[in-house]
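Student: First, the structure itself, so that you have it in front of you.
Just so it is clear, none of the values below were taken in a lab; they were calculated from the coordinates. Source: prediction; values computed, not measured. Every residue, glycine as well, gets a Cβ built from its backbone with ideal geometry; the counts of neighbours run over all protein chains shown.
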């Protein structure tokens, strides 16, 4: 294989009660990336569309990951990389993770698939560190594994793939403003009460149980975030209105995607997901903030090859 | 039905990563309780064996629960209660919960079963409040539901019954010293870092996932407690030696049962549970502390009627 084009999905991390531990990939939007082998053993970013990102290969998440993989395998080729970004950085939809995870997946294909999904997640984390300042795994693992994933631990890294109930849909609204992950982290309290930790933990347990048993109402009752949402929602215009509108329209829950400003809702069935989209639209149409809305099944495959 | 005798099992709460949220019942030990209807509309405790507990019906966990249920239903009978305690108070094995949950179960039978398991858990919490100062639900729900349970939330109370892998055994060592729940609570820090909260939460997610998928190794890797064990283990003589001996003998994990001093280990299969028991025995035999060891399958039924 001399070249590969892929679709690397946008991802929702945190998922209310799953702060820093849970994530899932969506179908409706993601980056398109092409990687071409070159004889010359160097990496070049030949095209970036849709976002202003560094072309310096030591500063771009995709090329940093690719470089680490070529170095690790002592590969006898170089790469030309084209990035078509469909999700802006600072969206809360794992924009850098799409690039990092996409690069890990694509370069692995070009190398003849020497690496496991867990190893690809480790490589992708290098890109996350360059792009966000922290080698978080939730978004990249969601893109690589597909479906719902739990980052069980970091030392060692362990990813648990969770089941996805058949009728689970997601509606995402992405206000076109930027929130830096660092800023979203800075508004959180560094410590929390044990009581709140137990609440969050028990809700995560409930959500995971609901995923295994297709219990949509248990999923709904578990989509509660006492750690991040109470503090981060002030960064997101009209958060309470959006949440209220989503729940009123039948969403199982509404929460902040990653560190925002994107908001996600989980819904049982496409019809409700569409109703929630209309409700989100009607809230934001009354403001002067541009926004995009995506309706999608949970993406259970993760990154896909679109063309060789 | 004019009288009922029951077996109300001992229970393990917290379960390492499941601090204040998870619990399970064991088969090997529990209280024997008899409830007899009387014409006179009053409650009397006619026998208490195996522990020094109040016979004042407003101070005894079992009678307090029974009284609340008779009052709630405007019952036209009274009760004579006999308690044979097999687990001492302050054990960490849900001694008061056996009494509270047993009373809720038995009185419900005598009333013609008007109440759901969730309602029985609510009644049993009244006994926990009298006995421990706090209406915690993890032990009583474990006894009432059987198997592994998750206290998903308190407001409203929600109990999620989790599956129990077929080969899961538990070995418990109960050093015959008393630790008051209040004291065990007082050594905990009131707040924890978000990083620790996420670790605990992710491990609980891993454990629950392991229970659904019969993944014993995932269960093992998830039996980690960063909230309570680091602080409470100093209250339990030879904790590190016991834990080490259990793990060396093949236990999936070893942790503090409730607030101690009892320690539990989960094991895959009876043979390993027996090996772990021998290892525990050899540690404590070298000390001057009396102890009891129990080997048991997880009790999936909860409280049982032994005789009508």
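Student: Pull out the extension gain between residue B:154 and residue B:244, defined as 0.36 nm times the separation in residues minus the alpha carbon to alpha carbon distance; nm, one decimal. Before the final figure, lay out each step's value.
Tutor: Working: separation 90, 0.36 × 90 = 32.40 nm, distance 3.50 nm.
So the extension gain works out to 28.9 nm.
Student: While we're looking at this one, here's another question. Work out, in µm²/s and without decimals, the Stokes-Einstein translational diffusion coefficient of region B:168-297 at 25 °C, 0.890 mPa s, Rh from Kirkwood over C-alpha pairs. Each step should come with its number before you reach the end.
Tutor: Working: Rh = 15.2 Å.
After rounding, the answer is 162 µm²/s.
Student: Sort A:59, A:37 so the one with the fewest other Cβ atoms within 10 Å of its own Cβ comes first.
Tutor: Going from least to most buried by this count: A:59, A:37.
Student: I would also like to ask the following. At q = 0.09, 0.10, 0.12, 0.16 Å⁻¹, what log₁₀ I(q)/I(0) does a Debye calculation on the Cα points of chain B give, no solvent, two decimals?
Tutor: Values, matching the q order: -0.42, -0.51, -0.74, -1.25.
Student: Got the residue B:231 label distances to the other copies yet, label 7 Å along Cα→Cβ, in nm, shortest first?
Tutor: 1.9
Student: Something else about it: Neighbour counts of other C-beta atoms within 10 Å: give me A:100, B:96 arranged from fewest to most.
Tutor: Numbers: A:100 35, B:96 28.
Sorted ascending by nearby Cβ count, the order is B:96, A:100.
Student: Here's a follow-up. Hey, could you grab the Kirkwood Rh for the protein assembly as shown? Inverse mean 1/r over distinct alpha carbon pairs, Å, one decimal.
Tutor: Numbers: mean 1/r = 0.0385 Å⁻¹.
After inverting the pairwise mean of 1/r, the radius is 26.0 Å.
Student: I need the shape label for region A:86-138. Rule: rounded when a/c is under 1.5, else prolate if a/b > b/c, else oblate, with a, b, c from the alpha carbon gyration tensor. Present the calculation step by step, with values, prior to reporting the outcome.
Tutor: Numbers: a/c = 2.68, a/b = 1.72, b/c = 1.56.
Prolate is the answer for region A:86-138, as a/c is 1.5 or above and a/b outweighs b/c.
Student: Can you work out the PRE-style zone for residue A:72? Point 7 Å along Cα to Cβ, and I want the residues of region A:14-48 with backbone N under 17 Å.
Tutor: Those under the cut-off are none; the list is empty.
Student: Any idea what the relative contact order of region A:168-297 is, in percent, if you count C-alpha pairs under 8 Å spaced at least 6 apart? Mind showing how you got there, number by number?
Tutor: On the way: 206 pairs, mean separation 52.9, N = 130.
Answer for region A:168-297 is 41 percent.
Student: For region B:185-251, list log₁₀ I(q)/I(0) at each q in 0.18, 0.20 Å⁻¹, using the Debye formula over Cα point scatterers of equal strength and ignoring solvent, two decimals each.
Tutor: Each listed q maps to, in turn, -0.83, -0.95.
Student: Please give the average number of partner chain Cβ atoms lying within 10 Å of the Cβ of each residue in B:13-26, rounded to a whole number. Walk me through the intermediate numbers first.
Tutor: Values: counts 0, 0, 0, 0, 2, 4, 5, 7, 9, 3, 0, 0, 0, 0.
Mean number of neighbouring Cβ atoms from other chains: 2.
Student: Here's something else I'd like to know. Using the 7 Å Cα-to-Cβ label point, sort the distances from residue B:167 to its equivalents in the other copies shortest first and give them in nm to one decimal.
Tutor: So the label point of residue B:167 gives 3.7 nm to the other copies.
Student: Taking one equal scatterer on every alpha-carbon of region A:14-121, how large is log10 of I(q)/I(0) by Debye at q = 0.14, 0.19, 0.24 1/Å?
Tutor: Log-scaled intensity ratios, in q order: -0.56, -0.98, -1.37.
Student: I'd like the antiparallel share, as a percent to the nearest 5, of DSSP beta bridges with both residues in chain B.
Tutor: On the way: 47 of 53 bridges.
Counting only bridges with both partners in chain B, antiparallel ones make up about 90 percent.
Student: Mind pulling the angle between the C-alpha long axis of helix A:194-213 and the longest principal axis of chain A? Nearest 10 degrees, somewhere in 0 to 90.
Tutor: Taking Cα atoms only, the helix is inclined about 80 degrees.
Student: In nm, what does the list of distances from residue A:75 to its counterparts in the other copies look like, shortest first, when each label sits 7 Å along Cα to Cβ?
Tutor: Taking the point 7 Å beyond Cα along Cα→Cβ, the inter-copy spacings are 7.4 nm.
Student: In degrees from 0 to 90, rounded to the nearest 10, what is the angle of the helix B:61-72 Cα long axis to the longest principal axis of chain B?
Tutor: Orientation of helix B:61-72: about 50 degrees from the principal axis.
Student: Mind jotting down the distance between the C-alpha centroids of region B:12-60 and region A:1-29, whole Å?
Tutor: 50 Å
Student: Sort B:207, A:235, A:70, B:22 so that the residue with the fewest other Cβ atoms within 10 Å of its own Cβ comes first and the one with the most comes last. Intermediate results must be reported in sequence, preceding the final value.
Tutor: Details: B:207 30, A:235 17, A:70 20, B:22 27.
In order of increasing Cβ crowding within 10 Å: A:235, A:70, B:22, B:207.
Student: In Å, what Kirkwood hydrodynamic radius results for region B:239-308 from the alpha-carbon pair distances? Don't jump to the answer; show the numbers that get you there.
Tutor: On the way: mean 1/r = 0.0763 Å⁻¹.
Taking the inverse mean of 1/r over all distinct Cα pairs, region B:239-308 comes out at 13.1 Å.
Student: Report, in degrees rounded to the nearest 10, the 0 to 90 angle that the Cα long axis of helix B:117-132 makes with the longest principal axis of chain B.
Tutor: 80 degrees
Student: For region A:69-107 and region B:240-284, write down the distance between their C-alpha centroids in whole Å.
Tutor: Region A:69-107 and region B:240-284 have Cα centres spaced 46 Å from each other.
Student: Can you give the FRET efficiency for residue B:182 and residue A:116, using 1/(1 + (r/R0)^6), R0 = 56 Å, r = Cβ-Cβ distance, to the nearest 0.05? Don't skip to the answer; put the middle values down first.
Tutor: Working: r = 48 Å, r/R0 = 0.87.
In this case the efficiency is close to 0.70.
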